[in-house]
Amino acid sequence: MSTISRDEVARVAALARIDLRPDEVTRLAGELDVIVESVARVSEVATADVPATSHPLPLTNVFRDDVPEPALPVQDVLAGAPQQENGRFAVPQILGEE
Amino acid sequence: MTAATTTDLVAYEDAVRRYDPVLGIEVHVELGTLTKMFCAAEVAYGGEPNTQVTPVSLGLPGALPVVNGKAVEYAIRIGLALNCTIAESCRFARKNYFYPDVPKNFQTSQYDEPIAFDGWIDIELDDGEVFRVEIERAHMEEDAGKNTHVGGATGRIQGAEYSLVDYNRAGIPLVEIVTRPIEGAGERAPEVARAYVQTLRDIFRSLDVSEARMERGNVRADVNLSLRPTPESPLGTRTETKNVNSFRSIERAVRYEVSRQAGVLDAGLPVIQETRHFHEEDGTTSSGRVKSDAEDYRYFPEPDLVPVAPSREWVEEIRATLPEMPVARRRRLQKEWGYADAEMRDVVNAGAVELIEATIAAGTSAAGARKWWMGELARRAKQDEITLEDLVVTPAQIAQLQGLIESGRINDKIARQVLEGVLAGEGDPEAVVVSRGLEIVSDDGALLTAIDDALAAQPDIVEKVRGGNQGPVGAIIGAVMKATKGQADAKRVRELVLDRIGS
């Protein structure tokens, strides 16, 4: 029985700006189904006394001191910019922006 | 754009008589750390575009974030100052959306596990009434870059409109503070909203976690507002007015939304849940994005960062270093200075607390310090349309000026002239007194000459005074003061005049 509908896949893909063809939507709905079912099976054995896992690494509080280090040179920063102007990235206007 | 924007506004007083406003306020504060939240790029206001940027702030592939420990400490300080519980363990989450100022396509934030939650803060309204605001949460996140929009009209790219992005601000640590619904403010909702943000600003400054300058965008507020028929009714649909960035604008935005929503409801229409923009020029708001699918941020735990689990020892260590909170501090100072409630309120509203405190510390009485800052200096500041803080006179100079009066070297009237000199940049009061030759004429010889002249000019007064009527003595004193250009000690002149007539 399918738990992930084609509509859901299409919606999530749209949110993630991934352009899927109809046949890809169908295939992914099936694959995501398998994943969701597998996770559900794990949830069945995880009883209330098993704490939720926040992170696979058994570490907390990995902090850095508040000490500045050199920044990237501007020419390196802008090296990947398709367009630039006055040291800034030039990007297309977003619809509905002020 | 929507039907809701075309309905009439309802007069504010009428709207709050018939509807109960409920507020919800989100405040973002930029932390004053030396480096960014997740990388060691230096943070400095006003740098050239894209000069405070690392692969992490640019979201380049493979770049890994590392948490700034100082930013966590500051977030805990803020949480404790807001009477919050500090989480034993919390984590970061990715808030996914596509916008050019967020180069990673997600903002690293906190979602289901904020670092601080369940707090409250007492705010003081203009008349001294204390209003409690409950805090739902305070969480850590990073700021976005800055877009500058270039209109097509400039013609630099033919006919096209585009934006320029500077990522210096991307990754600056932020703490976002979210209130629970603020109920019971009634017609004072605009004042409550403003006083709340003002109180937070004062707290950030006293905690020394941010410069908290509104005009630089260090503190930004989003104001949610909804109306309901009565305080017992369920909450109405709210709008969120974004980035209202001055205290005055916060009041105006709330007033406008109350009037607008009342008009919508009066017309029998539903308030649309949406983001609105505030317009500084005319104090109105306009429709932005309608909350919809686009608001689904697909939050999930940030896999590149491990949880933050502040030890209880660390939290208590931070708690022990918290300064006195602004409201408590004001109450203590009021008691020490012996000001009446109304006097203290005026001092606070004039932004004179620190100035008066420093003037008193420099040796002036509480009454003397208030006399200057709330009198002549307040008048000058108002006249020049600047704040007291921006006057070119220091508390130490005011203390010196008052000292000159108390030691009898100048009188109150002359002191105003001395102050003129100080404000004109002629130096300390002492120097102005000397350079302008304003010292009181205390040499009895010089005074007696002036007195004799005055007496000779008005022999009838001498007769009256000799006859036991001391009333007209004032005319002689006035003449002497005039002759000495106000630089005489009026008390001494009176003594000498009576002495002269009597002899």
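The values are calculated or read from the model by the stated rules, or taken from the named source; none is laboratory data. This structure is a prediction, so every number in the text was calculated from the model and none was measured. Here the Cβ positions follow ideal geometry from the backbone for every residue, glycine too, while neighbour counts run over all protein chains shown.
Listing for the model above:
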| quantity | calculated |
| --- | --- |
| Residues within segment B:171-195 that are closer than 19 Å to B:A75 by Cβ and crowded, with 20+ Cβ neighbours inside 10 Å, tallied | 7 |
| Checklist (1) over 30 Å from B:A75 (Cβ atoms); (2) surrounded by 14 or more Cβ atoms within 10 Å (Cβ to Cβ); (3) at pLDDT 90 or above; (4) not charged (D, E, K, R) applied to B:L333, failing item | (1) |
| Qualifying residues in segment B:65-82 (those that are assigned to a loop (DSSP other than H, G, I, E, B) and hydrophobic (A, V, I, L, M, F, W, C)) - the one farthest from the other protein chains (Cβ to nearest Cβ) | B:L82 |
| Close pairs (9 angstrom Cβ cut-off, 6 or more residues apart or separate chains): farther than 16 Å from A:I4 by Cβ in segment A:36-52, surrounded by fewer than 10 Cβ atoms within 10 Å (Cβ to Cβ) and aliphatic (A, V, I, L, M) anywhere | A:A46/A:A52 |
| Exclusive hit being of a type outside the set (D, E, K, R) and farther than 30 Å from B:V315 by Cα, set A:V62, A:V9 | A:V9 |
| Search result, residues across segment A:57-77 that are more than 7 Å from chain B (Cβ to nearest Cβ) and not in a loop (DSSP other than H, G, I, E, B) | A:Q75, A:D76 |
| Members of segment B:49-64 found to be surrounded by fewer than 23 Cβ atoms within 10 Å (Cβ to Cβ), more than 9 Å from chain A (Cβ to nearest Cβ) and either in contact with a helix residue (DSSP H, G or I) (Cβ under 7 Å, 6 or more places away or on another chain) or on the phi < 0 side of the Ramachandran plot (or both), listed by number | B:P61, B:A63, B:L64 |
| Counted residues, segment B:2-47 - those being among the charged types (D, E, K, R) and more than 30 Å from B:D304 (Cα to Cα) | 6 |
| Positions within segment B:86-96 being surrounded by fewer than 21 Cβ atoms within 10 Å (Cβ to Cβ) and within 9 Å of chain A (Cβ to nearest Cβ), in sequence order | B:S89, B:N96 |
| So B:V133, is it more than 27 Å from B:S163 (Cβ to Cβ), of a type in the set (A, V, I, L, M) and surrounded by fewer than 18 Cβ atoms within 10 Å (Cβ to Cβ) | no |
| The lone exception for A:V12 - which of (1) at pLDDT 95 or above; (2) assigned to a helix (DSSP H, G or I) it fails | (1) |
| Residues of segment B:97-107 that turn out to be facing another protein chain (nearest Cβ under 10 Å) and touching a residue at least 24 places away in the same chain (Cβ under 8 Å), as a count | 6 |
| Qualifying residue in segment A:11-33 (condition: among the hydrophobic types (A, V, I, L, M, F, W, C), touching a residue at least 12 places away in the same chain (Cβ under 8 Å) and within 30 Å of B:N147 (Cβ to Cβ)) | yes |
| Pairs where the first residue, in segment A:62-88, is over 30 Å from B:C90 (Cα atoms) and the second is among the charged types (D, E, K, R) and not in a helix (DSSP H, G or I), C-beta under 7 Å, 6+ apart | A:G87/B:E48; A:R88/B:D166 |
| Qualifying position, being at the interface with chain B (Cβ under 10 Å from one of its Cβ atoms), surrounded by fewer than 13 Cβ atoms within 10 Å (Cβ to Cβ) and of a type in the set (G, A, S), among A:G80, A:G87 | A:G80 |
| Those strands (runs of 3 or more DSSP E) lying entirely in segment B:95-171 with at least 1 residues among the hydrophobic types (A, V, I, L, M, F, W, C) and at pLDDT 90 or above | B:106-109, B:116-124, B:130-142, B:162-166 |
| Conditions (1) within 14 Å of chain A (Cβ to nearest Cβ); (2) in a strand (DSSP E or B); number of the one not met by B:F38 | (2) |
| Residues within segment A:28-56 that are part of a loop (DSSP other than H, G, I, E, B), within 14 Å of another protein chain (Cβ to nearest Cβ) and loosely packed, with under 11 Cβ neighbours inside 10 Å, tallied | 4 |
| Residue tally, condition more than 14 Å from chain B (Cβ to nearest Cβ) and surrounded by 13 or more Cβ atoms within 10 Å (Cβ to Cβ), over segment A:6-25 | 4 |
| Qualifying residues in segment B:396-448 (those that are in a helix (DSSP H, G or I) and in contact (Cβ under 8 Å) with a residue 60 or more places away in the chain) - the one surrounded by the fewest Cβ atoms within 10 Å (Cβ to Cβ) | B:K413 |
